[in-house]
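Sharing a structure here in structure tokens format.
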Amino acid sequence: MGLARKYQICYQETPYYHVVSRCVRRAFLCGDDHASGRSFEHRRKWVVQRMQFLAKLFSIDICAYAVMSNHFHIVLKVNNNADWSDKRVLMTWAGLFDLPGPCEPYIRGEHLSKPQLDFVIQKADVYR
């Protein structure tokens, strides 16, 4: 039985990771598909820009990467975000996802009730 990644990974012990993601069913990430004659080269720049955006957003350093025709490799260093405030964690998460309930008013600095504030802090801990 497999374990969830959060139980396999210890960022304090090993902050460097080699990640591989590949396409399936003869799909092309970028480059020329000789079977269909189509070019997917335009995607290479997008993949690199997206990796850089996500690394900056989530405080990850990219050590090396390679984008090939049907997969990519990336070596990254996960930085410690334990000192991030709850507001920064929520703002980072909001860069990609919708925030639930009272999280948006919390970011705007609006007054929240005790149960709402507890909910926001719990969500920030989960996202951290």
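Looking only at the range 60-84, how many residues end up being without any contact (Cβ under 8 Å) to a residue 24 or more places away in the chain and either under 17 Å from residue 126 (Cβ atoms) or part of a strand (DSSP E or B) (or both)?
Residues of the range 60-84 without any contact (Cβ under 8 Å) to a residue 24 or more places away in the chain: 60-62, 64-66, 83.
Subsequent filtering for residues that are either under 17 Å from residue 126 (Cβ atoms) or part of a strand (DSSP E or B) (or both) retains 60-62, 64-66.
Total meeting the criteria: 6.
How many residues, within the range 90-111, are over 30 Å from residue 45 (Cβ atoms), open to solvent by 40 Å² or more (accessible area, probe 1.4 Å) and either part of a helix (DSSP H, G or I) or at pLDDT 95 or above (or both)?
3
Any idea how many residues of the range 11-24 are touching a residue at least 60 places away in the same chain (Cβ under 8 Å) and outside any strand (DSSP E or B)? Spell out the reasoning first.
Taking the range 11-24 as the starting set, the residues that turn out to be touching a residue at least 60 places away in the same chain (Cβ under 8 Å) are 11-12, 15-17.
Checking the rest, the ones that are also outside any strand (DSSP E or B) come to 11-12, 15.
The qualifying residues number 3.
Among 30, 10, which is the only one that is within 27 Å of residue 91 (Cα to Cα) and either touching a helix residue (DSSP H, G or I) at 6+ places or on another chain (Cβ under 7 Å) or at pLDDT below 85 (or both)?
Working: 30 fails: within 27 Å of residue 91 (Cα to Cα).
Among 30, 10, only 10 is within 27 Å of residue 91 (Cα to Cα) and either touching a helix residue (DSSP H, G or I) at 6+ places or on another chain (Cβ under 7 Å) or at pLDDT below 85 (or both).
Can you name the number of the only condition in (1) free of Cβ contacts under 8 Å to residues at least 24 places away in the same chain; (2) over 24 Å from residue 16 (Cβ atoms); (3) touching a strand residue (DSSP E or B) at 6+ places or on another chain (Cβ under 8 Å) that residue 113 fails?
Looking at each condition in turn, residue 113 falls short on (3).
Are any residues in the range 25-37 without any contact (Cβ under 8 Å) to a residue 40 or more places away in the chain and surrounded by 11 or more Cβ atoms within 10 Å (Cβ to Cβ), and if so, which ones?
30, 31, 32, 33, listed by residue number.
From (1) open to solvent by 60 Å² or more (accessible area, probe 1.4 Å); (2) within 25 Å of residue 15 (Cβ to Cβ), pick out the condition that doesn't hold for residue 114.
Evaluating residue 114 over (1) open to solvent by 60 Å² or more (accessible area, probe 1.4 Å); (2) within 25 Å of residue 15 (Cβ to Cβ) leaves (2) as the failure.
Can you go through 45, 87 and tell me which one is open to solvent by 100 Å² or more (accessible area, probe 1.4 Å), part of a helix (DSSP H, G or I), without any contact (Cβ under 8 Å) to a residue 60 or more places away in the chain and not aliphatic (A, V, I, L, M)?
Details: 87 fails: open to solvent by 100 Å² or more (accessible area, probe 1.4 Å).
That would be 45, the only listed residue that is open to solvent by 100 Å² or more (accessible area, probe 1.4 Å), part of a helix (DSSP H, G or I), without any contact (Cβ under 8 Å) to a residue 60 or more places away in the chain and not aliphatic (A, V, I, L, M).
Then there's this: Just give me the residues in the range 54-74 being farther than 17 Å from residue 42 by Cβ, in contact with a strand residue (DSSP E or B) (Cβ under 9 Å, 6 or more places away or on another chain) and open to solvent by less than 40 Å² (accessible area, probe 1.4 Å), in sequence order. Outline the logic, then answer.
So the first thing to find is which residues in the range 54-74 are farther than 17 Å from residue 42 by Cβ, and the list is 54-66, 71, 73-74.
Imposing the further condition that a residue be in contact with a strand residue (DSSP E or B) (Cβ under 9 Å, 6 or more places away or on another chain) reduces the set to 54-55, 58-66, 71, 73-74.
Of everything in the range 54-74, those that are farther than 17 Å from residue 42 by Cβ, in contact with a strand residue (DSSP E or B) (Cβ under 9 Å, 6 or more places away or on another chain) and open to solvent by less than 40 Å² (accessible area, probe 1.4 Å) turn out to be 55, 59, 66, 71, 74.
If you take the residues in the range 8-24 that are within 9 Å of residue 76 (Cβ to Cβ) and either among the hydroxyl-bearing types (Ser, Thr, Tyr) or in contact with a Ser or Thr (Cβ under 7 Å, 6 or more places away or on another chain) (or both), which one is surrounded by the fewest Cβ atoms within 10 Å (Cβ to Cβ)?
Ranking the candidates gives 16 first.
The values are calculated or read from the model by the stated rules, or taken from the named source; none is laboratory data. Because the structure is a prediction, the values reported are computed rather than measured. So basically every Cβ, Gly included, is an ideal-geometry build from the backbone, and we count neighbours across all protein chains shown. SASA here: full protein model, heavy atoms, side chains in, ligands and nucleic acids out. Shrake-Rupley method; radii C 1.70, N 1.55, O 1.52, S 1.80 Å.
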